[in-house]
Every structure is written in structure tokens, then in C-alpha cells.
Amino acid sequence: METSRVDVPKAQVDGLALPFLRSEDLPAKAGPHEMRPPSELDRSPILGIWQNADEGESGGILRMDLTEKKGGLRVRALGTGSPEPKDWGEIEAVAYAPDVSSREAWGFTATYDFGFLRTTIVSYIKLGDLVTTTYNVFLDRSGRADYWTREFFYLTEVPHASQPSR
């Protein structure tokens with residue numbers, strides 16, 4: 001990844017000098033009680049089993065299972081396939097809030113590396129649905145074009161509150 005070198009301004013917010021590049025990088029209000037590490041995001045809004053609204057007709061991801069294990073977010077994607085869906089395995093995902101002041105997860109990213117193909121999943125909640133885009137890069141020099149998809153998922157199962165995080 002290439003790093004861009006720019007002069008980064010800092011804003012004083014409640015006695016803290018916070019670097020920023022856009023106004024949305026700054027909290028509406030801050031202070032020791034407001035500033036918490038990202039691991040403290042409430043991930044419950046995105047946890048559960050998400051089913052593709054087109055039931056796999058697009059040929060993309062059929063289902064995604066989002067869980068919390070060992071204090072981190074995990075995703076297991078199942079791609080469409082015949083005769084059975086293709087289990088992509090479970091990998092680490094990164095949860096995101098809709099803004100710097102929020103404490104609830106609203107979306108996530110995860111990247112699968114299949115050797116011949118790298119797929120990055122970018123998802124967020126909109127009106128109760130999970131809007132998902134994938135960015136697919138072929139690594140095998142097969143001549144296939146890298147491509148992008150957009151799919152929509154609905155929540156089919158929410159984890160039980162009584163289940164402990166592992």
C-alpha cells in the first residue's frame with residue numbers, strides 16, 4: 001500500500017490535539033468519557049445470519065454469518081455453487097461505526113485471499129438491510145478482469161443474548 005505524505009492539521013478538542021483530514025474525522029463532542037478504543041463498539045447491530053435477498057441468483061455471496069469471538073468480529077461467507085454453496089471459511093472482520101462519535105457498529109470489511117483471487121467485502125446497514133459490495137482482484141494472471149459487485153442481504157437469525165462470546 002502506498003502512503004500519501006501530507007501536512008496533517010490538528011484540532012484542539014477538549015484539551016486533546018486530534019489530527020484530522022476532514023471535518024468528519026472530528027467528534028461532535030469529546031472528552032475522556034467519550035473517547036474509547038474501537039474494540040468497544042457494540043457489534044450487536046450487525047451480528048447474525050444474513051441471507052442474500054436474491055437467494056443466490058446473482059451468482060455471488062449466498063449468506064454471511066457474522067459472529068463475535070474472542071473479542072473480535074468474525075465473518076463466514078458462503079458463495080453460490082452447485083450442488084452445494086461454497087463455504088469460504090471464517091475470517092476476521094473489522095467493524096465500523098457510522099461516525100466518530102457513535103458506539104454502535106454499522107458496517108464491516110473483511111478480505112479473503114483464495115490464492116488465485118482476493119475478495120474484499122465492504123458492508124453497511126441501510127434501512128435494516130445489509131448493503132454489500134465486493135472488490136475482486138485476480139492474482140493468477142488468467143486475463144480475467146478484476147470486478148465489483150453489489151448485493152443486498154436481510155437478517156434471518158439474530159444470536160441469542162445468552163450465548164457467551166468465544
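Each value in this text was obtained by applying a stated rule to the coordinates, not by laboratory testing. None of the values given here were measured: they were computed from a predicted structure. So basically every Cβ, Gly included, is an ideal-geometry build from the backbone, and we count neighbours across all protein chains shown.
Please work out how many pairs of lysine residues in the chain are eight or more positions apart (or on different chains) and have Cα atoms closer than 28 angstrom. Display every interim value, and only then the final one.
Details: 10/29; 29/126; 69/86; 69/126; 70/86; 70/126; 86/126.
Lysine pairs, 8 or more places apart or on different chains, close enough: 7.
Kindly provide the GluC sites (Glu not before Pro) of the range 42-142 that DSSP labels as loop, not H, G, I, E or B, and whose Cβ sees at most 11 other Cβ atoms within 10 Å.
Details: sites: 55, 57, 68, 90, 92, 104; in loops: 55, 57.
Counting only loop positions with at most 11 other Cβ atoms within 10 Å, the GluC sites (Glu not before Pro) in the range 42-142 are 55, 57.
Report the relative contact order of the chain, percent, no decimals, based on alpha-carbon pairs under 8 angstrom and at least 6 residues apart. Please report the intermediate quantities before stating the final value.
Details: 318 pairs, mean separation 31.0, N = 166.
Reported as a whole number, the value is 19 percent.
Of the listed values (1) 60, 46, 29; (2) 56, 39, 26; (3) 56, 26, 23, identify the label whose number matches Cα extents along the principal axes in Å calculated from this model.
Only one option fits the structure, namely (1).
May I have the extent of the alpha carbons of the range 39-123 along their three principal axes, as whole Å values ordered from largest to smallest?
The Cα atoms of the range 39-123 stretch 44, 28, 21 Å along their principal axes.
Please report the spacing between the Cα centers of the range 109-134 and the range 47-96 in Å, no decimals.
If we compute the Cα centre of each part, the gap is 9 Å.
Counting Lys and Arg as +1 and Asp and Glu as -1, what is the net charge of the other residues whose Cβ lies under 12 Å from the Cβ of residue 139? Write down the numbers at each step before the final one.
Values: positive: 118, 141, 144; negative: 113, 140, 146.
My count for the surroundings of residue 139 gives 0.
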